[in-house]
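Here is the structure we will look at.
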Amino acid sequence: MSKRSLQASAEGIRKAKQAFKRKGWTQEYLAAEVGLETRQSIWKFFTGKPIDRHVFNDICSALELDTLEISQQPDVGNLSLERHESNPLDIEHLVQKLRSVCENRIQAQCSILHLLDIARPIYLHDIYVDIDVCEEITHKQWLKIEDLQKLDFDNISASFREKYQKKIGGIEAITKYTKIILLGKIGAGKTTFLQSIALSCVQGNLQADYLPIFINLKSFAEDVKDARQLSLFQYIHNYWLNYEILETELSTVLSHGRALVLLDGLDEIVGENYDKVFNKIRSFINKFYKNKIIISCRSALHDYSFHSFTELEIADFNKLKIAEFVNKWFLSVAQNSPSTSQILANKFMHKLDLLENIYILELCRTPLLLIFCCSLFQSTTDFSSHNFEIYKQALDILLVRWDEIKGIPDRQFVPNLSLLDKVKILSRIAASSFYQGDNFITGSKLQQIITDYLFNQSNITTDADALEIDSKKIIKIIELQHGLLVERARGIYSFSHLIFQEYFTAREIVARADSQTLQHLVIHLCDHRWFQVFLISMSMLKSADDLLKLIKQKIDYLAVSNIKLYHFLKWVEHKSSQVSSIYQRASVRAFYFTIALPPEHPLACNQDLAITLEHQFTGGLSIELAIDLALTHALAVSLTMTADILFARLSALNLALDLKHLLIDDLSLHSSLQYLKQQLPSATQGKESLKNWWLAHGQAWTDELRSLMINARQIGLNWHFNQQDLQDLQQYWNANKLLIDCLKCTKDISPNLRSHLETTLFLTKVVELDEK
């Protein structure tokens, strides 16, 4: 075994002093660089006295000196050791020996996971899904905010990933790069990935000729507090002390660059001890630079400085990886039978594919929140489209629970900044940018919003320069600790998920909830990007009456602001009133609203809203409604017919006119339809003949069908809508749908108002509400 101490030779002292002078450091600074509490060891080093060999090595590394040139010549035993270390056959044997010795320790350290809200340990191999990593770190790029604003509003994260992030497999990255800073947002799976790498290595599936070393940096930082002279090398050796691994053996493997060193959680080193721990890590990396080293860290921590490291960032899960994880979760974690697991996993993925669950899909791209969604689905087997408690609980995980679970203390850089302060700041940021139509916000704008907030807090300094500094720190707190703000490009931020921006915007609105704020909100009633804000606000309000009345007033205004829309709605009202129906009148009006639209309109014959208002529609329509729907279909087939497709579509047109089963009590209409049907040419005439017939008679035949429908059923009118009319119709429909969804979201509404709103949907007249 080599001596535990080294001392500088006379020539070594001379070289060291020259290097020290070139650096321009003080002894206190050098001590801090190598993680020492005092400069006593530095003084001993420069006076040729023996000091711990690892401290000696660290000092030489900091001064960029070769240890062998500085230290006194080793004795015969050490020369023998050096010869032993230089023998390639011996190093191979030594690596395999240490791999064998540490296998059980790595298995115990890395094979078990403790998942959110799961009371028992889970084996990593039962749940793990291979990750992808992004080779281009976007927060390092200089991008224009104007270009980012062009991304798809409803799916910002997906659009951003597709345009700006190049991905490779995580295992591929390990073989491609020797030094990696592995970045990832909160809950992205950084620790799990490093654990899987350590296991794969010790099992011989990856880097089988390397010694895997997995270190939790948070634990290292805590142990350093009690043993401040402890280096990272000594910590690793002490960790394996019970396995009879000699210090020289570990040093030999590291010196030859034959270790796969996995340092997990650089961001979890917090408090006043950070700089010292960081210097110890850097000294270890500088000294044993030949090894493969991966350091994991949350994406927001930018103040590290490790040379020759490549930054990679864990990519969000795509649908395939979500499906793979979900299958494993329902089987291994939820402990369902294989058949039940498959059923639940398929249903889970089907629900995620629904447009109404696009926000939940985005949450599921982060493993931590995917686990939360799986747990929720195991209990409910569904995702309610208006269950905003999901988003609230997801925020609670990011704001509070995850760091508590991991034992990470609150990173408080600003005095007296509470969790409530953070929530209020996030709400102001969200609302400020959302009202301006922005999903991306510059760092300077963020600082201004935060500074304005801090300026009005009585317990915080009002010094302008101090507030500016504090605002920068707060941005880092929210980004690093909670992952709610993300630096998408240099100096450009957004919320990690659009739904969080919408949630905090709604919270800011509800916090004020005065008449002016609500009226300002209703201005955006026809803007689809505000729909979620309306719904979340409605679910939060203690009393929703005022906002619902304002929404209804806006809808009534839309009905009279376009004369064609007004007359169309009057017809809908009149037609609906003539139908003998067991259905709610509002659902009948919704029914006729859509079947009277031009067939090319996206809402034409869309019965979703009618079914929402009246579930009996799903069981079949009454005769009158069925007749009108069938006739509308026949007219739509005719209106969309062309001479070139008549041959292929003639049978469909004939079938559309065959309404005998519906017209048992209306023989006159049945006869008229049969007459029109008989006018159509026979399919046996051939394509060219049919084409000529339609060119000559198609328009007149279609007009005759329309006239028959108008005279017999008062449907099929040609409203001659222009493009603006169609847009206004769509807005009016969307506003009514939003009102219906708002009524679902709130229970805090007076019974009279609810009844009034439900019965006056799609009516042009304003009915006075009896407030008694």
Original post:
Given 0.36 nm per residue, what is the gain on full extension from residue 564 to residue 699 after removing their alpha carbon distance, in nm?
Top reply: 46.1 nm
Original post:
Tell me, in nm to one decimal, what length is gained between residue 652 and residue 64 on full extension, where the rule is 0.36 nm per residue of separation less the Cα-Cα distance?
Top reply: 203.2 nm
Original post:
So what is the calculated 222 nm ellipticity per residue for the chain, using -39500 (n - 2.57) for each DSSP H run with n of 4 or more, over all residues, to the nearest 500 deg cm²/dmol?
Top reply: -17500 deg cm²/dmol
**OP:** Kindly provide log₁₀ I(q)/I(0) values, in the same order as q = 0.04, 0.09, 0.11 Å⁻¹, from the Debye equation applied to equal alpha-carbon scatterers of the chain.
**Re:** -0.27, -0.96, -1.23
**OP:** If a/c stays under 1.5 just call it rounded; otherwise compare a/b with b/c (prolate if a/b is bigger, oblate if not). Do that for the stretch 676-760, with a ≥ b ≥ c from the square roots of the Cα gyration tensor eigenvalues.
**Re:** prolate
**OP:** Calculate, in nm to one decimal, what residue 240 and residue 463 gain on full extension: separation in residues at 0.36 nm each, minus their alpha carbon distance.
**Re:** 75.1 nm
Original post:
Tell me, what HN-Hα J-couplings in whole Hz come from the Karplus equation 6.51 cos²θ - 1.76 cosθ + 1.60 at θ = phi - 60° for each residue of the stretch 175-189, using x for Gly and Pro?
Top reply: 7, 7, 10, 9, 10, 10, 9, 8, 8, x, 6, 4, x, 7, x
Original post:
What are the residues whose amide H is under 5 Å from the amide H of residue 214, where those residues sit 5 or more places off or on another chain and H is modelled from the backbone?
Top reply: 262
**OP:** Note down the net charge around residue 327, summing +1 for each Lys or Arg and -1 for each Asp or Glu among other residues with Cβ under 13 Å from its Cβ.
**Re:** +2
Original post:
Nearest 10 degrees, 0 to 90: what angle lies between the long axis of helix 443-455 and the longest principal axis of the chain (Cα atoms)?
Top reply: 90
Original post:
How large is ³J(HN,Hα), in whole Hz, for each residue of the stretch 351-357 in order, when computed from phi with the Karplus curve 6.51 cos²θ - 1.76 cosθ + 1.60 and θ = phi - 60°, using x for Gly and Pro?
Top reply: 5, 5, 6, 6, 4, 5, 10
Original post:
How large is the dipole of the chain about the Cα centre if only Lys and Arg carry +1 and Asp and Glu carry -1, each at its Cβ, rounded to the nearest 20 debye?
Top reply: 960
**OP:** For an R0 of 56 angstrom, estimate the FRET efficiency from the Cβ-Cβ distance between residue 616 and residue 125 and round to the nearest 0.05.
**Re:** 0.65
Original post:
What nm distance separates the two modelled labels at residue 289 and residue 72, each placed 7 Å from Cα along Cα→Cβ?
Top reply: 2.9
Original post:
Once the other residues with Cβ under 12 Å from the Cβ of residue 526 are scored (Lys, Arg +1; Asp, Glu -1), what is the net sum?
Top reply: +1
Original post:
Do any trypsin sites (Lys or Arg not before Pro) in the stretch 538-622 lie in a DSSP loop with no more than 11 other beta carbon atoms within 10 Å, and if so, which?
Top reply: 542
Original post:
Considering amide H positions built from the backbone, and no H for Pro or chain starts, which residues 5 or more places from residue 488, or on another chain, come under 5 Å of its amide H?
Top reply: 493, 494
Subject >> Separation in nanometres of the label points that stand 7 Å from Cα toward Cβ, at residue 719 and residue 384 >> reply: 3.4
Subject >> Label zone at residue 661, where the point sits 7 Å out along the Cα-to-Cβ direction: the stretch 612-642 residues whose backbone N lies under 11 Å >> reply: none
Subject >> For the stretch 506-634, alpha-carbon Rg relative to the globular expectation (2.2 N^0.38 Å, N residues) >> reply: 1.26
Original post:
Taking Cα pairs under 8 Å and at least six residues apart, what relative contact order does the chain come out at, in percent?
Top reply: 11
Original post:
Can you give the FRET efficiency for residue 520 and residue 580, using 1/(1 + (r/R0)^6), R0 = 45 Å, r = Cβ-Cβ distance, to the nearest 0.05?
Top reply: 0.50
**OP:** Give the accessible area for residue 446 in Å² (nearest 10); use a 1.4 Å probe, count only protein heavy atoms, and leave out ligands, DNA and RNA.
**Re:** 0
**OP:** Return the sequence-ordered ³J(HN,Hα) values of the stretch 91-96 in whole Hz as given by the Karplus equation 6.51 cos²θ - 1.76 cosθ + 1.60 applied to θ = phi - 60°, using x for Gly and Pro.
**Re:** 5, 4, 5, 5, 4, 5
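The values are calculated or read from the model by the stated rules, or taken from the named source; none is laboratory data. Just so it is clear, the structure is predicted and the values come from calculations on it, not from any experiment. Here the Cβ is made from the backbone with ideal geometry for all residues, glycine too, and neighbour counts use every protein chain on show. With ligands, DNA and RNA removed, areas are computed over all heavy atoms of the protein, side chains included. Shrake-Rupley method; radii C 1.70, N 1.55, O 1.52, S 1.80 Å.
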